[in-house]
Every structure is written in C-alpha cells, then in structure tokens.
Amino acid sequence: MAASLTADGGVVYAPGVGNHHGMPDRASGFCFVNDIALGILRWRELGVRRVVYLDLDAHHGDGVEAAFANDPDVLTISIHEAGRWPRTGTVSAPSRGVWNFAVPAGFNDTELRFLLEAKILPLIKTHAPEAMIVLPGADALEDDPMSRLSLSNNALWDAVRAVRGLAPRLAVFGGGGYNPYSLARCWAGVWAILNDIEMPLHLPPAVQELLRGVAYFRAAGRNPPARWFEQLRDAPAEGPVRDEVKGLCV
Ligand SMILES: [Zn+2]
C-alpha cells in the first residue's frame, strides 16, 4: 500500500512495517512476510526502476538483501552490529548494489553521522533513486535490550532528515525495537520530522501517563528511568569515530 500510495511521488510513514528478515520460502527472525521486499516489487510494477533501501536496524537486513542481491538497480544498504544475529552482512558487493556496514558495539551518534556523510549519502545521490525506503530500527538505540549499539534517537532522526528529499518517493517504516518507551518516542519523533512539526522538550502529562501504563517485562522495566517518560528527545550520544568505523569507508 505504501508503494501504491506513492505511485506519483510522496511520503508514507508506516512504523508497523519492516519485516526485513523474512525470506522467500520461510519466516525468520520475528518476520513472516517481508513487507519491504513486497513494497519494492510493487514499485517495480508501477514502473519504478532505481530504488534505495537503507536499513539502520541493529540487525542485518538479510531478507531484503537476498531478494534484490542480483538486481543492481536496487541498492540495499545495511548498518548493523557486527557479530549479532543473523551474522550475515559482513561484505559488500558494489557491482550488485549490496552495501554492508558491520559496526562495533557502542556505535555512537557521531559514528553514524560519519558513515552517512563519508559514504552512504554519496552512494545514494550517485544512484539517483526514484524511490527509497528507510528503516530507522529502534533496536539500535542505547536503551534497547537486543543490541549493544549506543545511538540516541537524535541520530536516527538526523538520518531521516538527511535522506528526506533524496528521492521523489519515500517510505519510512519502523523495523525492530524492543524497549517500548524508547521505541514509541523514537517513532513519534520520526513522525514529527516528516510532518515538519516542532518537537516539545517535555512530553505532555497525558503522554507521560500513557507511557507509564505500558508493561515492560524486562529487568530494566522494574525501575525505569524518568527520562523514558518525560522527554521525547534522548541526550545526544556523541563520541569518538573509532578506527573500525573509519575502516568501513575505504
Ligand atoms: Zn533488529
């Protein structure tokens, strides 16, 4: 539906979409139907040729890569934690439009900005996509229990801002995210950016109450920090750009 709605251009935001591990013949990694791959195929039916898929989820976008690995018109770009399930995405194949950036634990906001500016944004601009999908992936956030990446939501929001306008059709999906508080705040911020809405510093009381009513069955949920409820924006997670990250851009 996102692809059909943007047949003539536009932006669609569907945070519940983004089952990037789904394979043609099997479910995988909490994903059954690979809605991302189906969306790209729908664009294809509508005559769209050059597509970029940018996956910032903490896990490798293996299902989407598998679907389009032999199609150089579809660029699949994935930034994910090195050594984490499904442990693929360790190499790139530029001639086939496959780009992978396996980043170390502790990956910070400065490092994501570096990768985008040094390598990924130029790649996207050179490809000149007619349509683009971005998967921000809230499981790359510091507060998420499923990865050891350390991004703040500022970094994911900046990434969405940076790619907005690089293609006449843009679909932003959600992808993974296993801390309901950081996921909800991250996704709400993406919505604000795409709608040019200024974000409030403090969340309104009704929203804080809603968040506090969410059940979170993990150790961290027993005594959640106030910052999960009170502000939309995380504290920035700037840091050094480590050699392992610089080495991904050569
Ligand atoms: Zn994930």
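Read-outs: derived from the displayed coordinates by stated rules, not from any lab. On a predicted model such as this, the values are computed, not experimentally measured, just so you know. Ideal geometry is used to build each Cβ from the backbone, glycine not excepted, and the neighbour counts take in all protein chains shown.
Ordering 11, 235, 39 by the projection of their Cα atoms onto the charge dipole of the chain, which places +1 on the Cβ of Lys and Arg and -1 on the Cβ of Asp and Glu, puts 39 at the extreme positive end. Extending 7 Å from the Cα toward the beta-carbon at both residue 227 and residue 164 defines two label points whose distance is 2.4 nm.
Just report the Cα centroid separation between the range 124-197 and the range 9-71, whole Å. Between the Cα centre of the range 124-197 and that of the range 9-71, the gap is 15 Å.
Using a Förster distance of 35 Å, how high is the FRET efficiency between residue 206 and residue 1, based on the Cβ-Cβ distance and rounded to 0.05? Efficiency, from the Cβ-Cβ distance: 0.70.
Test of understanding: in a Gaussian network model of the chain with alpha carbons linked when under 10 Å, which of 81, 130, 209 would top the mean-square fluctuation ranking? Of 81, 130, 209, the Gaussian network model singles out 209 as fluctuating most.
Listed values for the range 38-53 are Karplus-derived 3J(HN,Hα) couplings in whole Hz (6.51 cos²θ - 1.76 cosθ + 1.60, θ = phi - 60°), namely 5, x, 5, 5, 5, 4, 4, 4, 8, x, 6, 10, 8, 10, 10, 10, and x replaces Gly and Pro.
In the chain, taking the dipole from charged Cβ atoms about the Cα centre, the farthest positive-side position among 24, 183, 199 is held by 24.
Under a model in which nothing but the beta-carbon of Lys, Arg (+1) and Asp, Glu (-1) is charged, the range 199-250 shows a dipole of about 180 debye around its Cα centre. Cβ-Cβ distance of residue 123 and residue 235, R₀ of 41 Å, FRET efficiency by 1/(1 + (r/R0)^6): the value works out to about 0.85. Taking a ≥ b ≥ c as the square roots of the Cα gyration tensor eigenvalues, the range 135-250 comes out oblate, since a/c reaches at least 1.5 and a/b does not exceed b/c. Rounded if a/c is under 1.5, else prolate if a/b is larger than b/c, else oblate: which is the range 187-250, with a ≥ b ≥ c the root eigenvalues of its Cα gyration tensor? Note, shape of the range 187-250 comes out oblate. The calculated 222 nm mean residue ellipticity attributable to helices in the chain amounts to -8500 deg cm²/dmol, summing -39500 (n - 2.57) over DSSP H runs of n ≥ 4 and dividing by all residues.
Compared with the dominant Cα axis of the chain, that is its longest principal axis, helix 180-194 is turned about 60°. Taking a Cβ cut-off of under 15 Å around residue 198, the surrounding Lys, Arg, Asp and Glu residues balance to a net charge of +1, with basic ones at +1 and acidic ones at -1. With a/c under 1.5 counting as rounded, go ahead and sort the range 84-208 into rounded, prolate or oblate using the C-alpha gyration tensor (a ≥ b ≥ c being the square roots of the eigenvalues; past the cut-off, prolate if a/b is larger than b/c, else oblate). Note, shape of the range 84-208 comes out oblate.
Taking all Cα pairs closer than 8 Å and separated by 6 or more residues, the relative contact order of the chain comes to 21 percent. When +1 charges are put on Lys and Arg Cβ atoms and -1 charges on Asp and Glu Cβ atoms, the dipole computed for the chain relative to its Cα centre reaches about 140 debye.
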